[in-house]
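Could you have a look at this structure, given as structure tokens, before my questions?
Every number here is computed from the coordinates shown, using simple stated rules; none is lab data. The shown structure was predicted, so the numbers you read here are calculated from the model rather than taken from an experiment. Using ideal geometry, Cβ is built from the backbone for each residue, glycine included, and neighbour counts are taken over all protein chains shown.
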Amino acid sequence: MALCLTTLLAQQSSSGGAASLMVDLLLTLAAAACITIIFKRFGLATIPGYLITGAIIGPSALALISSPENVQAISGLAILLLMFTIGLQLDLAGIRSGMVSILSIGLGSTLATWAIGIPVGMAFGLSAPAALVLAMAMSMSSTAVAMGVLQPRREVNRIQGRLCIGVSVTQDLLSIAILALMPPIAMWAGQQAAGSTPGLVSGLSGGPLVDLLVSGVVAMLAVGLMVAIGKHALPKLLREAARGGASETLLVVASAVALAAAALTTYVGIGPALGAFLAGFMLATTAFRHQLAGQLAPLRELFMAVFFTVVGLNMNVPSVLDAWWVVLLGVGALFAVKGTILVISTWAGGANAATSLQTGALLTQAGEFSLVVFAGAAMSGIIPEAQQPVMIAVVVLSLILTPWAYDLSKLAAPVLSRFPAAPWIKSSALVERAGAPADADSAGATEPASAGVIVAGFGLVGRAVVDRLQIAQIPYTIVELNPGTVRKQGSLGRAIVYGDISNPEVLESAGVRTADAIIITIPDDDAILLACQAIRAISPTIFIAARTSFLSNAFLATNAGADHVTVAEVATAEAMAKQVMQQLERRAAAGKA
């Protein structure tokens, strides 16, 4: 990723545009920071803030950006990283309870939105290909916004939280199909997909239908090749990269894999976004996913700010204001059509009426992927540029309205909780958990079982701690940076996670929110301080025990959040003094004898 950015800057420098690029990028990030601070102050999602920032500083408003093409070049890289991290965060393990029902709800609601969205889009004056793209884009929801609503309320692990995660996983899987369908839709619209090249099929032209069939076969072969390589070769490559705990090498290798996958899918004519998404999805099946997700999180946030702000640059403010009634109608149609489909699908899948309404309110908005689809469709010529600002405005407004829509659904919960689940659902995880009033988020929904104790590091000290926990029959999870240890202990049936204990994603995957205590045994004082700060930021009440080498570092660890600190030099002094006294007493007793 850094190599691409360096190359871009070099090209801009050679053409005399490096200074302009830096100024535009500075203005973009500074404006995005200011607007999002204001949005956070009022408890609003940051993504609409980025989009509104772009609209304000764009050419149709203040015109602060001298050359939108400069920032747009970086935005292309941001799309790759965004799709890569979406694939990397794809997790089927989180919806094991009621998986069949949840995946059925996600699949049914998404396909129904496609089917109904096409005539709705055509009613707004779009062509059939453009209406199909609009329906597919609007069927995607924003997981980030939904989780932003649930997390402050501590409702992520309740029914609607699990449903939200499950439906989002299904939508992410279907986004593979959406990305793959973009080139054929562009051909249907008489255009060529942006970012695609004739590649392998350039010499096989035999008419539009033949080209479509050949490109489809080539695309499937390329995807199959990527999946095969990812399943068999990628884990070995990552284990080698992670040898010795070199997490930066792991990040470099993962980034290279993402770019290689993007290059391959571009070469076969299906665009780089699909390749980056598939690379993330393949990495998500390995033991290194949580460490990588945590390492990429800050970079992802940075590039998301750039990407969504650049999307906002394309919003023609006067056009949106002139078509304000179209925007309001679009948001109303989105909430009415998609929201109704989600509510009915969730209820038919086994949830009660209150939970179904809350799930629909959480997911009825459009999402980040919708904007990715719109950007690609506009570049491909599928969607007229004049209509793109209105579509973006609909997405922005839907994201802003989501928290209020969810709060309204909560108000209706006491009334709706009286209605039962679908009569054809006799027994399912959703029915059993959804029978209580939804105002308590279905009181039957239990919080995850306690993770017991998290042990960071599986060296000599960590092994001793784990042995004691096993004797006491206390559940535990190990966090370790040695891939060989992770593989061996995992094969022995121990709960173990690969990653750095100071990585928030690793802490989440280890169950820090539900654990009773965390014991940090790693012999690295700097890492221990970072870990204490990260743990305390996520869980203010968890008991933290740590080790340090020197007494001076014990005070720092305590200030960082540790409840108990074992100092190696003090423990050594006490053990040595005890052993010496025992030996002296034995010698004295032997001399008297």
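Report, in whole Å, the centroid distance computed from the Cα atoms of region 398-423 and region 99-156.
Region 398-423 and region 99-156 have Cα centres spaced 18 Å from each other.
Could you give me the ³J(HN,Hα) list for region 164-176, computed from phi with Karplus coefficients 6.51, -1.76, 1.60 and θ = phi - 60°, whole Hz, x at Gly and Pro?
4, 5, x, 5, 5, 4, 4, 4, 5, 5, 6, 5, 4
Whole angstrom only: what separates the Cα centroid of region 20-59 from the Cα centroid of region 266-311?
Each part reduced to its Cα centre gives a spacing of 22 Å.
Based on the alpha carbon coordinates of region 480-593, what radius of gyration and maximum Cα-Cα distance (Dmax) apply, in Å?
My reading of the Cα-based Rg and Dmax gives 18.9, 63 Å.
Among 324-331, 395-402, 379-386, how do they line up by average Cβ neighbours within 10 Å per residue, starting with the highest?
The densest-packed peptide leads the list: 395-402, 379-386, 324-331.
Shifting gears a bit: Sorted by mean Cβ packing within 10 Å, highest first, what order do the peptides 518-531, 483-496 take?
Result, highest mean Cβ count within 10 Å first: 518-531, 483-496.
Let's test the formula: R0 of 56 Å, r as the Cβ-Cβ distance of residue 385 and residue 487. What FRET efficiency results, to the nearest 0.05?
0.60
State to the nearest 20 debye the size of the charge dipole of region 453-592 about its Cα centre, where the only charges are +1 on K and R beta carbons and -1 on D and E beta carbons.
660
I would also like to ask the following. I'd like the FRET efficiency for residue 411 and residue 576, computed as 1/(1 + (r/R0)^6) with the beta carbon distance as r and R0 of 60 Å, rounded to 0.05.
Efficiency at R0 = 60 Å is approximately 0.35.
By counting other Cβ atoms within 10 Å of each Cβ, how are 188, 424 ranked from fewest to most?
424, 188
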